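Enquirer: Questions regarding the structure given below will be posed in turn.
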Amino acid sequence: MKAIKLTLIILTVLAAGLALGYKLFAPGQDTSVTVKWTPSNEANTESIDHSQWQEVLDNYLVADDESGVNLFDYQGLIDDEDESLRSYIDTMSQLDPRDFNKQEQFAYWVNLYNALTVRTVVENYPIDSIKEIGEATFPPGPWNDTVIGVAGHDLTLNHIEHSILRPIWQDYRIHFAVNCASIGCPNLQESAFDSSNTETLLDKASKQFINHPRAFSLTDEGLVLSSIFTWYSEDFGNSEKEVVETIAKYLDNQALQLDEESHLQISYFYDWSLNKLE
């Protein structure tokens with residue numbers, strides 16, 4: 001394995017500047033939402049049925065082996081007038097996830113987030129980027145728009161990701177499980193999450209993303225990382241050094257040895273192009 005010796009330094013380059021600008025406006029945690037959705041019923045062994053979401057994935061998610069990016073056939077779902085997505089979201093909205101144990105809750109929120117993202121795109125299709133949706137201007141996008149009511153409470157995509165999933169489970173792999181309908185995003189997984197496959201899927205999604213150039217690439221100019229690692233750096237470590245150490249756990253063909261002997265510049269990149277099947 002090729003060892004790459006790094007001393008991590010902050011760059012004043014355009015990509016890093018753009019990433020920092022986005023991070024300054026990145027969504028924060030609404031603690032009232034977190035408190036509201038923290039309870040669970042660990043005695044409940046009942047499973048939540050995600051088969052309708054799996055049906056959507058089976059019919060419209062396409063794994064592009066050449067690019068390594070999973071694409072979604074939004075137009076196909078529209079043309080088929082497929083009701084599986086609508087029915088799934090309606091069914092999930094009628095549940096109170098707090099009645100279930102934490103494992104079931106995690107799968108519920110991840111699947112629901114991804115399904116709601118797909119529906120948001122479908123309702124506004126055709127578009128070239130999810131950032132074209134919604135009324136927000138900086139940063140643009142639909143993430144602060146109310147997208148569902150659960151147990152009588154209105155929720156946005158930001159609520160689900162940043163006030164429920166991230167603070168309650170505190171697992172950086174969440175960033176590889178939720179999908180923002182963009183090429184730069186970790187793949188929408190081909191399998192729906194459930195309480196039995198969550199750990200396997202989280203590890204698969206992490207390894208799959210980190211070993212793809214849109215997450216990690218070494219160039220003549222330096223190291224290029226996904227902007228996810230700077231937008232949410234606190235989830236991966238308290239410094240760029242710790243972020244890269246986290247990334248190194250999943251790399252197949254390269255080991256990153258961090259020391260003080262050499263320097264490598266780091267920049268960040270994200271492709272907001274829609275993950276649509278052409």
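The values are calculated or read from the model by the stated rules, or taken from the named source; none is laboratory data. Just so it is clear, the model here is predicted, and its values are computed rather than measured. No Cβ is skipped: glycine too gets one built from the backbone with ideal geometry, and neighbour counts run over all protein chains shown. Accessible surface is based on the protein model in full, side chains and every heavy atom, while ligands, DNA and RNA are left aside. Shrake-Rupley method; radii C 1.70, N 1.55, O 1.52, S 1.80 Å.
Enquirer: Give the span of the stretch 60-214's Cα atoms along each principal axis, as three whole-Å numbers ordered largest to smallest.
Expert: 41, 34, 33
Enquirer: Kindly provide the GluC sites (Glu not before Pro) of the stretch 84-144 that DSSP labels as loop, not H, G, I, E or B, and whose Cβ sees at most 15 other Cβ atoms within 10 Å. Intermediate values should be presented prior to the final figure.
Expert: Values: sites: E104, E123, E132, E135; in loops: E135.
Answer by residue number: E135.
Enquirer: What Kirkwood radius, in Å to one decimal, follows from the Cα pairs of the stretch 100-160?
Expert: On the way: mean 1/r = 0.0801 Å⁻¹.
Across the stretch 100-160, the inverse of the average 1/r is 12.5 Å.
Enquirer: For a test of understanding, tell me how many lysine pairs in the chain have Cα atoms under 15 Å apart, given they are 8 or more places apart or on different chains.
Expert: Numbers: K2/K249; K5/K241; K36/K102; K131/K276; K204/K249; K207/K249; K241/K249.
Taking the chain as the scope, the lysine pair count is 7.
Enquirer: Count the DSSP beta bridges whose two residues both fall in the chain, then state the antiparallel fraction as a percent rounded to the nearest 5.
Expert: Values: 16 of 28 bridges.
Bridges in the chain that DSSP calls antiparallel: roughly 55 percent.
Enquirer: Right, another one. Leaving out ligands and nucleic acids, and using a 1.4 Å probe, what accessible area per residue does the chain come to in Å²?
Expert: Details: 12990 Å² over 278 residues.
For the chain, the solvent-accessible area averages 47 Å² per residue.
Enquirer: Need one number: convex hull volume per residue for the stretch 73-138, Cα atoms only, in Å³. Present the calculation step by step, with values, prior to reporting the outcome.
Expert: Numbers: hull volume 7.6 nm³, N = 66.
Per residue, the Cα convex hull of the stretch 73-138 comes to 115 Å³.
Enquirer: For T156, enumerate residues with amide H under 5 Å from its amide H, sequence gap 5+ or separate chain, H modeled in the peptide plane.
Expert: Sorted by chain and number, the residues that satisfy this are V147.
Enquirer: Rg/Rh for the stretch 156-221: what does it come to with C-alpha atoms and Rh from Kirkwood?
Expert: Details: Rg = 13.0 Å, Rh = 12.9 Å.
Answer for the stretch 156-221: 1.01.
Enquirer: Apply the Karplus parameterisation 6.51 cos²θ - 1.76 cosθ + 1.60, with θ equal to phi minus 60°, to every residue of the stretch 103-116 and state each ³J(HN,Hα) to the nearest whole Hz, in sequence, with x for glycine and proline.
Expert: Karplus-based 3J(HN,Hα) across the stretch 103-116 equals 5, 5, 4, 4, 4, 4, 5, 5, 4, 5, 4, 5, 5, 5 Hz.
Enquirer: For n ≥ 4 DSSP H runs only, could you compute -39500 (n - 2.57) per run for the chain, divide by its residues and tell me the 222 nm figure to the nearest 500?
Expert: Working: 12 runs with 106 residues, N = 278.
Theoretical 222 nm ellipticity from helices: -10500 deg cm²/dmol.
Enquirer: For the stretch 124-278, build the convex hull from the C-alpha positions and give me its volume per residue in Å³. Before the final figure, lay out each step's value.
Expert: Values: hull volume 23.5 nm³, N = 155.
In the stretch 124-278, the Cα hull volume divided by residue count equals 151 Å³.
Enquirer: Right, another one. Could you check how much of the accessible area of the chain is carbon and sulfur, as a whole percent, using a 1.4 Å probe?
Expert: Details: 6170 of 12990 Å².
Summing carbon and sulfur atoms, their accessible area is 48 percent of the total for the chain.
Enquirer: Okay, next question. What nm distance separates the two modelled labels at N41 and S191, each placed 7 Å from Cα along Cα→Cβ?
Expert: Those two pseudo-labels are separated by 2.7 nm.
Enquirer: Rounded, prolate or oblate, given the Cα gyration tensor of the stretch 55-111, with a/c below 1.5 counting as rounded? Provide the component values of the computation, followed by the final result.
Expert: Values: a/c = 4.42, a/b = 1.57, b/c = 2.83.
Because a/c hits 1.5 or more and a/b fails to exceed b/c, the stretch 55-111 counts as oblate.
Enquirer: Subtracting the Cα-Cα distance from 0.36 nm times the residue separation, let me have the gained length for S93 to D30 in nm, one decimal. Each step should come with its number before you reach the end.
Expert: On the way: separation 63, 0.36 × 63 = 22.68 nm, distance 2.05 nm.
Extending this stretch completely gives an extra 20.6 nm.
Enquirer: Could you tally the net charge around T198, taking each other residue with its Cβ under 12 Å from the Cβ of T198, Lys/Arg +1 and Asp/Glu -1?
Expert: Working: positive: K102, R173, K204; negative: E104, D171, D194, E199, D203.
Taking every other residue near T198 into account, the sum is -2.
Enquirer: Name the long-range amide H neighbours of N70: under 5 Å, sequence gap of 5 or more, or other chain; modelled H, no Pro or chain starts.
Expert: Here the answer is D64, L188, since their amide H atoms fall under 5 Å of that of N70.
Enquirer: How large is the convex hull of the C-alpha atoms of the chain per residue, in Å³? Please list the in-between numbers first.
Expert: Values: hull volume 37.8 nm³, N = 278.
Considering the Cα atoms of the chain, their hull volume per residue is 136 Å³.
Enquirer: Okay, moving on. Could you list log10 I(q)/I(0) for the stretch 20-106 at q = 0.13 Å⁻¹, which the Debye formula gives when each Cα is one point scatterer?
Expert: Evaluating at q = 0.13 Å⁻¹ gives log10 I(q)/I(0) of -0.73.
Enquirer: Take peptides 142-152, 224-234 and line them up by average Cβ neighbours within 10 Å, highest first, as a rough protection proxy.
Expert: Details: 142-152: 16.6, 224-234: 20.5.
Ranking, from highest mean packing down: 224-234, 142-152.
Enquirer: R0 = 30 Å: FRET efficiency of S273 with N211, Cβ-based, nearest 0.05? Walk me through the numbers before you get to the answer.
Expert: On the way: r = 21 Å, r/R0 = 0.69.
Step by step, r from the Cβ atoms, then E = 0.90.
Enquirer: At 7 Å along the Cα-to-beta-carbon direction for both S51 and D82, put a label point, then send me their distance in nm to one decimal.
Expert: 1.7 nm
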